[in-house]
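Let me begin by presenting the structure, written as structure tokens, before commenting on it.
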Amino acid sequence: MSRTLIALISVFAPLSLVTVGSGQAIIADVQRQVVDVHHWMTHAQFVSDFAIARLAPGPGSLLATLIGYQVAGLPGALVTTLALLGPTAFLMYGVSHLWTRHRGARWLNALQAGLRPVAAGLILAAVYTLVKGLEGGWIAWLTALVSTAIVMNTKVNPLLLIAGAALLFVLLRLAGAL
């Protein structure tokens, strides 16, 4: 097995075990490892891969598959996907058995209550990491802020927001504002 594939496993397998709350919780650390530590891609490439992964149907773990593919082709995509999903699958099997067996226990309720703020903090770190790398200046920041507010407060289809923002950026570019 190549050094690159081993490096991909060494990055994504441990991250698999800390996906508290959702896979979005590890985005900040994935970005740090992929961009800052291993220099496998630029921050702009990472944000583009994130956007593609979010637009594509299927699980958010597609981001890991895209990164693996860009770093080491098809073997990288396979290894990265298995490294991200495998450890969590085994852990969840054991945890679900424990959860069922000790349902309603005080220690279990306390554990769940303690993990909620951890998950929220990790997701906020992911948001910060992605927003930090936005290209397009204040217009991109404003678009992200307005889109977030709309998604959180309405039932507008996010694809309409994406199309609207794309149209806005094209019009601004044609008008010479970008």
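Can you confirm whether the stretch 116-129 contains a residue that is loosely packed, with under 14 Cβ neighbours inside 10 Å and either more than 22 Å from I27 (Cα to Cα) or in contact with a strand residue (DSSP E or B) (Cβ under 7 Å, 6 or more places away or on another chain) (or both)? No. In the stretch 135-149, is there at least one residue being closer than 24 Å to P57 by Cα and outside any helix (DSSP H, G or I)? No; the residues of the stretch 135-149 include none that is closer than 24 Å to P57 by Cα and outside any helix (DSSP H, G or I). Just one residue in the set L98, L5 is surrounded by fewer than 18 Cβ atoms within 10 Å (Cβ to Cβ), hydrophobic (A, V, I, L, M, F, W, C) and either in a helix (DSSP H, G or I) or touching a helix residue (DSSP H, G or I) at 6+ places or on another chain (Cβ under 9 Å) (or both); that residue is L98. The residues listed here are A44, A83, A28; of these, the one that is in contact (Cβ under 8 Å) with a residue 60 or more places away in the chain, touching an Asp or Glu at 6+ places or on another chain (Cβ under 8 Å) and assigned to a helix (DSSP H, G or I) is A44. With respect to the conditions (1) within 21 Å of A56 (Cβ to Cβ); (2) part of a helix (DSSP H, G or I), V170 lacks only one, and its number is (1). Of all the listed residues (L78, L66), the sole one being free of Cβ contacts under 8 Å to residues at least 40 places away in the same chain, within 14 Å of the chain's Cα centre (by Cα) and surrounded by 15 or more Cβ atoms within 10 Å (Cβ to Cβ) is L66. When residues in the stretch 90-110 are screened for being farther than 23 Å from A28 by Cβ, under 25 Å from the mean Cα position of the chain (by Cα) and either not hydroxyl-bearing (S, T, Y) or not assigned by TED's automatic domain parsing to the domain that holds S16 (or both), 3 of them pass. When L168, L178 are screened for being of a type in the set (A, V, I, L, M, F, W, C) and modelled with pLDDT of 85 or more, only L168 passes.
Residues that are surrounded by 12 or more Cβ atoms within 10 Å (Cβ to Cβ), touching a residue at least 12 places away in the same chain (Cβ under 8 Å) and under 30 Å from L5 (Cα atoms) do not occur anywhere in the stretch 139-162. Scanning the stretch 34-55 for residues that are over 13 Å from the mean Cα position of the chain (by Cα) and either surrounded by fewer than 19 Cβ atoms within 10 Å (Cβ to Cβ) or over 18 Å from V131 (Cβ atoms) (or both) returns D36, V37, H38, H39, W40, M41, T42, H43, A44, Q45. Here are some residues: A125, A113. Which one is modelled with pLDDT of 85 or more and either assigned to a helix (DSSP H, G or I) or in contact with a helix residue (DSSP H, G or I) (Cβ under 9 Å, 6 or more places away or on another chain) (or both)? Exactly one of A125, A113 is modelled with pLDDT of 85 or more and either assigned to a helix (DSSP H, G or I) or in contact with a helix residue (DSSP H, G or I) (Cβ under 9 Å, 6 or more places away or on another chain) (or both), namely A113.
Residue-wise test of (1) closer than 21 Å to P117 by Cα; (2) touching a Pro at 6+ places or on another chain (Cβ under 6 Å); (3) at pLDDT below 85.
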position: S16; (1), (2), (3): yes, yes, no
position: A51; (1), (2), (3): no, no, no
position: P57; (1), (2), (3): no, no, yes
position: T81; (1), (2), (3): no, no, no
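Scanning the stretch 60-80 for residues that are within 17 Å of S10 (Cα to Cα) and not in a helix (DSSP H, G or I) yields one hit, S61.
The values are calculated or read from the model by the stated rules, or taken from the named source; none is laboratory data. Since this is a predicted model, take the numbers as computed values, not measurements. Because the Cβ atoms are built from the backbone with ideal geometry, glycine has one as well, and the counts that use them run over all protein chains shown.
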